[in-house]
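Q: Take this structure, written in structure tokens, and hold onto it; I'll ask about it next.
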Amino acid sequence: MHATTHYSVVDRVAHKAAWVSLKPVTGRQHQLRAHMALIGHPIIGDNKYAGDKVLPDSGIEPKLNLHARRLVIPHPVDGHAIDVTAPLPEHMRRTWALLGLDADRFDADHDG
């Protein structure tokens, strides 16, 4: 089956890690996780797609660092956009801090 994901790099840590914005066009199971692994950049903490092998001995918690930060869907009745933004979970905030990334840098209203 065909699956499409758009992505962009928000920030990077040398040549070791990157904060990536992923936007699925289709909706296949594990799509984002599989696509990142396919291009050689599995998501930190993803034990299904070798992301648990990323940055060993770094002090990063062995939890999946994937989060639906923003979701925009049409309202089922009137079609107006429902736009929901959620903060990063604490384990991801700790990962960002450990890597020196600013978790508040990304503006959820940014389409990047």
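The values are calculated or read from the model by the stated rules, or taken from the named source; none is laboratory data. Bear in mind the structure is a predicted one, so any value in this text is a computation, not a measurement. Don't worry about glycine lacking a Cβ; one is built from the backbone with ideal geometry, like all the others, and counts go over all protein chains shown. The area values use the complete protein model at the heavy-atom level, side chains included, leaving out ligands, DNA and RNA. Shrake-Rupley method; radii C 1.70, N 1.55, O 1.52, S 1.80 Å.
Q: Filter region 1-22 down to residues that are hydroxyl-bearing (Ser, Thr, Tyr), under 16 Å from residue 33 (Cβ atoms) and either in contact (Cβ under 8 Å) with a residue 40 or more places away in the chain or exposed (fewer than 15 other Cβ atoms within 10 Å of the Cβ) (or both), then give me how many there are. Steps first, please.
A: The initial filter retains those residues of region 1-22 that are hydroxyl-bearing (Ser, Thr, Tyr), namely 4-5, 7-8, 21.
Those still in the list that are under 16 Å from residue 33 (Cβ atoms) too: 4-5, 7, 21.
Retained after the next criterion (residues that are either in contact (Cβ under 8 Å) with a residue 40 or more places away in the chain or exposed (fewer than 15 other Cβ atoms within 10 Å of the Cβ) (or both)): 4, 21.
Adding up the residues that qualify gives 2.
Q: Of the residues that sit in region 64-91 and are among the charged types (D, E, K, R) and at pLDDT 95 or above, which one is most open to solvent (accessible area, probe 1.4 Å)? Spell out the reasoning first.
A: Here is the first cut: in region 64-91, the ones among the charged types (D, E, K, R) are 69-70, 78, 83, 90.
Now drop any that are not at pLDDT 95 or above, which leaves 78, 83, 90.
Numbers: 78: 90, 83: 77, 90: 110 Å².
My answer is 90.
Q: Another question, if that's okay. Pull up region 23-55, narrow it to residues that are open to solvent by 80 Å² or more (accessible area, probe 1.4 Å) and among the polar types (S, T, N, Q), then point me to the one that is farthest from residue 66 (Cα to Cα).
A: Out of the qualifying residues, it is 29.
Q: Are there any pairs with C-beta distances below 7 angstrom linking a residue in region 81-92 that is over 9 Å from residue 71 (Cα atoms) to a residue that is assigned to a helix (DSSP H, G or I) and of a type in the set (Val, Ile, Thr), with the two at least 6 apart or on different chains, and if so which?
A: Once the first residue is over 9 Å from residue 71 (Cα atoms) and sits in region 81-92, no partner that is assigned to a helix (DSSP H, G or I) and of a type in the set (Val, Ile, Thr) comes close enough.
Q: Run down 54, 72 and say which single residue is over 12 Å from the mean Cα position of the chain (by Cα) and under 17 Å from residue 91 (Cβ atoms). Lay out the reasoning, then the answer.
A: Details: 72 fails: under 17 Å from residue 91 (Cβ atoms).
Going through 54, 72 in turn, the sole match is 54.
Q: Need at least 3 residues that are touching a helix residue (DSSP H, G or I) at 6+ places or on another chain (Cβ under 9 Å) per element, so show me which strands (runs of 3 or more DSSP E) inside region 17-108 make the cut, counting only ones lying wholly within it. Spell out how you get there, then give the answer.
A: Values: elements: 17-24, 70-74, 81-85.
Output list reads 17-24.
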